[in-house]
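Report on the structure given below.
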Amino acid sequence: MNGAHDMGGQQDMGPVEYEKDEPVFHAPWEGRIYALRRAMRAWGKWNLDADRHEIELLPPADYLRMSYYERWVDRLAAQVVKYGLVSREEIESGKAAPGSTKSNPALTLATSARWLSRGIPSSQDPKVRPRFKVRQRVRARNINPTGHTRLPRYVRGKAGVIVRDHGVYLFPDSNAHSQGEKRQHVYSVRFAATELWGEVASPRDSVHLDLWDDYLERA
Amino acid sequence: MTAAGAAANAGLVSAQGPGQDRTQAHQTVPSDLTLRVKSLESLLVEKGLVDPAALDALIDTMEHKVGPRNGARVVARAWVDPAYKKRLVENAPAAIAELGYTSGQGEHTLVVENGPKVHNLIVCTLCSCYPWPVLGLPPVWYKSAPYRSRAVIDPRGILREFGMQLPEDVEVRVWDSTAELRYLVLPERPAGTETMSEEQLAALVTRDAMVGVAKVTLPTSGGNA
């Protein structure tokens, strides 16, 4: 989705605002929503890609206006209704519906350490063949998916060189929408800064992106 | 009505009215957010969907167990132990785990090394990807629109804002964390630290240096904390 979240190369966003000795959370509610959103994912109703996409579904003006964790508050309330864990009426009243069954938390204190250390699925599965090789020249495809994608706009149509094969990962564009894992290779692709931005860029500089097979074509 | 719309009516996800100072949203917290999160948490607890003790544990981990001190220890070890540095660059997750740091979002960590003619800078233009086990949660500026938009198109401008003027003959490599790989910059060991212990060296290494927006400096020569 060509949303507000796809920020690489946008201009006039202002100076970076640096905060000295910044705390991990600026207020208790930030910590609570951070933990709530992570704990609720343990129900397995939505995966990490769907979780990221949910943030992207905020209307662009809201995305830009809200603070980072304010987005999380908005999205978690939407997610629990969308995936049927909480009814709209319960969100509206702030109370569990009379007579509704009480669940056992998917994530408990006893399981939280294991959940925290759980890995993101990936593998070196030899059955999944890479379509490209290290040092091969490739082009990022000029595609504009309307759903979730991890192919930023600023590299689409640009040529680069594969510098590393990271192995096999789930394909976010399909996995976010429960349309299959479509396991495929992910590569580190080096794009010359001048290829991306033209002559204003330093001829020495480069940007590396980690891109899935389906994002690339031969150049 | 959409789910989000319904929730908005309940005040759980309501948009703020006009006139609020948005640029300071993370510092002057609208009390309304405190109430919305309390309301959401109490509903989820009442329905048995979350365990408050597990939430406390998650928060405690991010506030006290992970953070840039972990990364600093990794960097200092790499500076004093060439064999460790070799393992770190070849297989960062295993080398980082040697020091006991194994929590999530770090299983696909890559270490990129700075040198006299190469400077690395980390960003996530699409969201907020960051190597949690070694650096903790990212600071607000790292997740902000100014940094995410500009790090890829004007990295030298970003570095100047952080007080670092790189000579033209230094190559800048920007790493945009678009997949599940997470990046940690291995900064250059500053001159004049030859006699320092590993522990003293670790105390010099800052979060900013491991993201690539600062160099590691000796306390007497200034620099960002």
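Structural remarks
- When residues of region A:56-114 are limited to those that are among the polar types (S, T, N, Q) and not in a helix (DSSP H, G or I), the one farthest from A:Trp43 (Cα to Cα): A:Ser67
- Scan of region B:44-90 for residues that are surrounded by fewer than 23 Cβ atoms within 10 Å (Cβ to Cβ) and outside any helix (DSSP H, G or I), ordered by number: B:Lys47, B:Gly48, B:Asp51, B:Gly67, B:Asp81
- Selection of strands (runs of 3 or more DSSP E) fully inside region A:131-219 by the criterion of at least 2 residues being among the polar types (S, T, N, Q) returns A:184-192.
Residue-wise test of (1) crowded, with 21+ Cβ neighbours inside 10 Å; (2) among the hydroxyl-bearing types (Ser, Thr, Tyr); (3) touching a Pro at 6+ places or on another chain (Cβ under 6 Å).
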position: B:Lys143; (1), (2), (3): no, no, no
position: B:Ser149; (1), (2), (3): yes, yes, no
position: B:Ile153; (1), (2), (3): yes, no, no
position: B:Pro167; (1), (2), (3): no, no, no
position: B:Asp176; (1), (2), (3): yes, no, no
position: B:Arg182; (1), (2), (3): yes, no, yes
position: B:Pro187; (1), (2), (3): yes, no, no
position: B:Pro190; (1), (2), (3): no, no, no
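- Restricting attention to region A:37-61, the residues that are at the interface with chain B (Cβ under 8 Å from one of its Cβ atoms) and within 18 Å of the chain's Cα centre (by Cα) total 5.
- Among the residues of region B:161-186, those identified as closer than 30 Å to A:Gln184 by Cβ, out of contact with any helix residue (DSSP H, G or I) (no Cβ under 9 Å at 6 or more places or on another chain) and among the hydrophobic types (A, V, I, L, M, F, W, C) are B:Trp175, B:Leu181.
- Condition check for B:Gly104: at pLDDT below 95, touching a Pro at 6+ places or on another chain (Cβ under 9 Å) and either assigned by TED's automatic domain parsing to the domain that holds B:Lys215 or of a type in the set (D, E, K, R) (or both): yes
Listed here are the residues, each with its yes/no results for (1) aliphatic (A, V, I, L, M); (2) under 26 Å from A:Glu54 (Cα atoms).
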| site | (1), (2) |
| --- | --- |
| A:Arg114 | no, yes |
| A:Arg137 | no, no |
| A:Ile143 | yes, yes |
| A:Thr146 | no, yes |
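- Matching residues, region B:129-176, being in a helix (DSSP H, G or I), among the hydroxyl-bearing types (Ser, Thr, Tyr) and facing chain A (nearest Cβ under 8 Å): B:Tyr147, B:Ser149
- Residue that is over 27 Å from the mean Cα position of the chain (by Cα) and modelled with pLDDT of 50 or more, where the choices are B:Leu44, B:Leu12, B:Leu58: B:Leu44
- Residues satisfying the stated conditions in region A:14-33, i.e. touching a helix residue (DSSP H, G or I) at 6+ places or on another chain (Cβ under 7 Å) and among the acidic types (Asp, Glu): A:Glu17, A:Glu19, A:Glu22, A:Glu30
The values are calculated or read from the model by the stated rules, or taken from the named source; none is laboratory data. Because the structure is predicted, anything quoted here is derived from the model rather than measured. Virtual Cβ from ideal backbone geometry, glycine too; neighbours counted across all protein chains shown.
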